[in-house]
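Reviewing the structure listed below.
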């Protein structure tokens, strides 16, 4: 898949009358600090005795690891970092020791750390400059698997580490750029995938006893494969694929006979699926028109079980305990950050464990995103999510922003994003566009931007202006474009290749020189390099096209003001990308604001930086689009 880096509802089309005719109302406007004082929680895995949950939270302004009783209560801090974010991995299978990972101010060179019950912390993967990734606990619960590029910075070898002496041994030397994709319960089989292009990969099964690597996915055309685990007896492999289909569906493969069988399919991508520890339930997540729909099946009765009812939004993910008696699940919506709930499968009791939304914010002052569709320049139907401020109307035309997601190959979804709600709360209409090349709408749509970046996808964003005009409540002279990463590139592509189309731009760590970016991708992306080149272009062979679409080489065309946010430690979009486009535009007399964070990488994780950076975006827009001085 090309994410650089997941019940059919009705949808409205281009007519403005399809959008909700919400009554105009006055709302309280909140500061960026109030929006950033929402608390982000994730993880939610169980302790070995199933009495506590392990949670990562940024309530102090930096992510740290916490535990919480399963019946609810105060978070108890397990780590207390005040600089680098700590992301919890797991409690140990049989005791209260803890694994977590952390990098250095966003450089993405993660190490795996052990926190003992006495508070001592040890770096288990201390090799300087080497990146480590936790994979999973082995089913004997005596060791875990992880990947590391210590031997060769280009490739992630597979290691096993025992949890008594913490001795590590390499179990697979990965010189072929394979991606680890799962291990059987008897630990004899490991599944790999290998990227061919961003739309096409291969899947392999390695038998440890015989050291035989078997190719499982001979095919023609563009097909994707992804392992989804093994049966309890290690005789069957489950996997997702889109072979012969627009969308990913679930298959099973009998290892001994080689027989394959389709077992589950929907009209959308199956995004993830897994069996619970004892195999009683299968959990399935479906990417249904920009939202996640979760289903749980009783595998013995082959029957879908009903979820407990919740009013706060949609269930996005589920975790069932080892005993299969308790289930945690996350619930959120486009106007409410997700919260953690616990469900007792024996007695049916449900309890909400977290309150993510800042208590100072009235949820009714926020807005729901609405899925719409509009026609692009060539008649292609483009999905998008519309956020209409409560205070906007045909008698009070509002400024608007076209929001472009990251990627390439990402997707704007019906989930909460503080920055969008912050801007909408202050009177900006936001249209989050899923331009051609976005995931979630079938593989034909997904690969329509291949070697077409800055062209067809950009026109999809420009045509969004026609939709905004059709609503009747947008001031068409005050439409800007905003995005991060690939979305930031689209912002600068608009300002250089179509310089009169948008009134302003907001570039959040966006690529401006594709030739340099593709030559300088992080070494641990080596296995994905060819796939990136296939989609975006080879920086040598396709240099003419990459030059043509790279905003830096056309900076003299910029006439509209813009703002840039950048992390100095970003390994994907280097700081020089932003430095140079800002300097070139200023040299031409264009007004530019530049916000650089010395302690951030590709995506900001520290609240104080989010407050500063996103607050400056609003200040810039208020002056440049609203004319507030």
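Between 540, 564, the distinction of being surrounded by fewer than 16 Cβ atoms within 10 Å (Cβ to Cβ) and in the same structural domain as residue 590 (by TED's automatic domain parsing) belongs to 540 only. Residues in segment 437-467 that are buried (at least 24 other Cβ atoms within 10 Å of the Cβ) and in contact with a strand residue (DSSP E or B) (Cβ under 7 Å, 6 or more places away or on another chain): 460, 461, 464, 467.
Just to check your reading of the model, which residue among 44, 61, 73 is outside the structural domain of residue 417 (by TED's automatic domain parsing) and closer than 14 Å to residue 328 by Cβ? Walk me through how you get there before you give the answer.
On the way: 61 fails: closer than 14 Å to residue 328 by Cβ; 73 fails: closer than 14 Å to residue 328 by Cβ.
It is 44.
Taken over segment 42-78, the residue count meeting the criterion of being part of a strand (DSSP E or B) and either surrounded by fewer than 18 Cβ atoms within 10 Å (Cβ to Cβ) or modelled with pLDDT under 95 (or both) is 7. Return a yes/no flag: does segment 384-391 have any residue that is over 20 Å from the mean Cα position of the chain (by Cα), in the same structural domain as residue 562 (by TED's automatic domain parsing) and modelled with pLDDT under 95. Looking for residues that are over 20 Å from the mean Cα position of the chain (by Cα), in the same structural domain as residue 562 (by TED's automatic domain parsing) and modelled with pLDDT under 95, one finds at least one in segment 384-391, hence yes.
Picking from 366, 353, which residue would you name as being in contact with a helix residue (DSSP H, G or I) (Cβ under 8 Å, 6 or more places away or on another chain) and either buried (at least 19 other Cβ atoms within 10 Å of the Cβ) or within 17 Å of residue 288 (Cα to Cα) (or both)? Show your work before the answer.
Details: 353 fails: in contact with a helix residue (DSSP H, G or I) (Cβ under 8 Å, 6 or more places away or on another chain).
Selected residue: 366, the only one of 366, 353 that is in contact with a helix residue (DSSP H, G or I) (Cβ under 8 Å, 6 or more places away or on another chain) and either buried (at least 19 other Cβ atoms within 10 Å of the Cβ) or within 17 Å of residue 288 (Cα to Cα) (or both).
Can we say residue 272 is under 25 Å from residue 181 (Cα atoms) and not in a strand (DSSP E or B)? No.
Restricting segment 575-593 to residues that are surrounded by fewer than 19 Cβ atoms within 10 Å (Cβ to Cβ) and closer than 27 Å to residue 525 by Cβ, the residue that is nearest to the chain's Cα centre (by Cα) is 575. Scanning segment 293-329 for residues that are part of a loop (DSSP other than H, G, I, E, B), farther than 13 Å from residue 345 by Cα and within 26 Å of the chain's Cα centre (by Cα) gives 310, 311, 312, 313. For beta carbons closer than 9 Å, sequence separation of 6+ or different chains, a first residue in segment 59-84 that is on the phi > 0 side of the Ramachandran plot and a second that is part of a loop (DSSP other than H, G, I, E, B) and surrounded by 14 or more Cβ atoms within 10 Å (Cβ to Cβ), the qualifying pairs are 61/606; 72/353; 72/354; 73/353.
The values are calculated or read from the model by the stated rules, or taken from the named source; none is laboratory data. This is a predicted model, so every value here is computed, not measured. Note that each Cβ is placed from the backbone with ideal geometry, even for glycine, and that neighbours are counted across all protein chains shown.
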